[in-house]
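Notes to accompany the following structure.
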């Protein structure tokens, strides 16, 4: 219960009105509110992404926000052979060979940055996650840049773009701030090979914002629910990705009429708010590595269909490595602050310290070993 209560603070602190609305309507598979369609049910969620033609670059969508960041030169607005080739190129960068190449970057960094825990000292997991994300993105895009600088610029640009496209009232100057932040990020990102600047920007944004949101939240849940004994099982990372739902809401715009399961009509131009958090049952089912959700359900954390996130392998591997690096210390959370400006629900700081078993073992001159359950 403590883990769920703490994680709920992330949602209520970042977008309280929006997530209160989504919680109040979640018992309906799909619900029309004016020109918006709220989609909660798993079957309707999948159908919206695979059966309803989508306008990938419409204002008020993820693609529209990406277009704001890149000037429209990106994966979202490509069609046919161009789209398929870009997807193949991206999948190759993020596939098994790419993950093998990138993995030492974050494993070495985790080893270094978590070392104070071995001495009984607290650490803040958010800057560690940001540095790991920035270092991974810089290597992925072959950028010679300080990873913390890249991470900060990316988070700023993503947050500004999100404020400009999420439902709700906008503060004056929101669009200008988004444009300026996007320009600063574009100035840092050098095109990689045949991938254009737009694709490089969007890869950086996707990799960094989700990593900074996911790693600390997953660690907090593992600590609060005492799941460290499962750190050796891949199911722990999958289950924590399911309940944290790093991208909990997918705004999409229908390009043609359709009908969702349950009979809810969708008209061309409707904005569909696809609640991944509810499709994954993140709101109702706690993580259970001993009895994890099916692979088909777990995959929904990365979308479904031709535009599903190609970085699933990297995300799962990186989170698994992070959890294993933490598990030997069996840490507990001592302080947490919500990031109220981030593009995705995230912690601004998450301070942990070694757990009591580890502290006693160190005091007695012994060692604590987390076996890990398969």
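The set of residues in region 11-30 that are closer than 16 Å to residue 276 by Cα and either in contact with a helix residue (DSSP H, G or I) (Cβ under 8 Å, 6 or more places away or on another chain) or part of a loop (DSSP other than H, G, I, E, B) (or both) comprises 11, 15, 19, 20, 22, 26, 27, 28, 29, 30. Within region 14-27, the set of residues being surrounded by fewer than 18 Cβ atoms within 10 Å (Cβ to Cβ) and touching a residue at least 60 places away in the same chain (Cβ under 8 Å) comprises 17, 18, 23, 26. If you filter region 341-351 down to residues that are surrounded by fewer than 24 Cβ atoms within 10 Å (Cβ to Cβ) and farther than 13 Å from residue 155 by Cβ, you find that the one that is nearest to the chain's Cα centre (by Cα) is 349.
Could you say whether any residue in region 2-13 is more than 23 Å from residue 341 (Cα to Cα) and either at pLDDT below 95 or surrounded by fewer than 20 Cβ atoms within 10 Å (Cβ to Cβ) (or both)? Among the residues of region 2-13, at least one is more than 23 Å from residue 341 (Cα to Cα) and either at pLDDT below 95 or surrounded by fewer than 20 Cβ atoms within 10 Å (Cβ to Cβ) (or both), which makes the answer yes. Considered as a group, the residues in region 221-251 that are closer than 18 Å to residue 42 by Cα and not in a helix (DSSP H, G or I) include one that is farthest from the chain's Cα centre (by Cα), and that residue is 251. Listed by position, the helices (runs of 4 or more DSSP H) contained in region 93-180 that have at least 1 residues being within 30 Å of residue 19 (Cβ to Cβ), in contact with a helix residue (DSSP H, G or I) (Cβ under 6 Å, 6 or more places away or on another chain) and modelled with pLDDT under 95 are 125-140, 147-165. Test residue 277 against the criterion of being under 21 Å from residue 40 (Cα atoms) and touching a strand residue (DSSP E or B) at 6+ places or on another chain (Cβ under 8 Å), and give yes or no. Answer is yes for this residue.
Any idea which residue in region 31-45 is nearest to residue 279 (Cα to Cα), counting only those that are in a strand (DSSP E or B) and in contact with a strand residue (DSSP E or B) (Cβ under 6 Å, 6 or more places away or on another chain)? My answer is 39. In region 252-265, of all residues being in contact with a strand residue (DSSP E or B) (Cβ under 7 Å, 6 or more places away or on another chain) and in a loop (DSSP other than H, G, I, E, B), the one that is nearest to residue 21 (Cα to Cα) corresponds to 262. Checking each residue in region 324-345 for being within 22 Å of residue 9 (Cα to Cα), in contact with a helix residue (DSSP H, G or I) (Cβ under 6 Å, 6 or more places away or on another chain) and modelled with pLDDT of 95 or more picks out 331, 332, 333, 338.
The values are calculated or read from the model by the stated rules, or taken from the named source; none is laboratory data. Just so you know, these numbers come straight off a predicted model, no measurement behind them. Cβ: placed from backbone, ideal geometry, glycine included. Neighbour counts: every protein chain shown.
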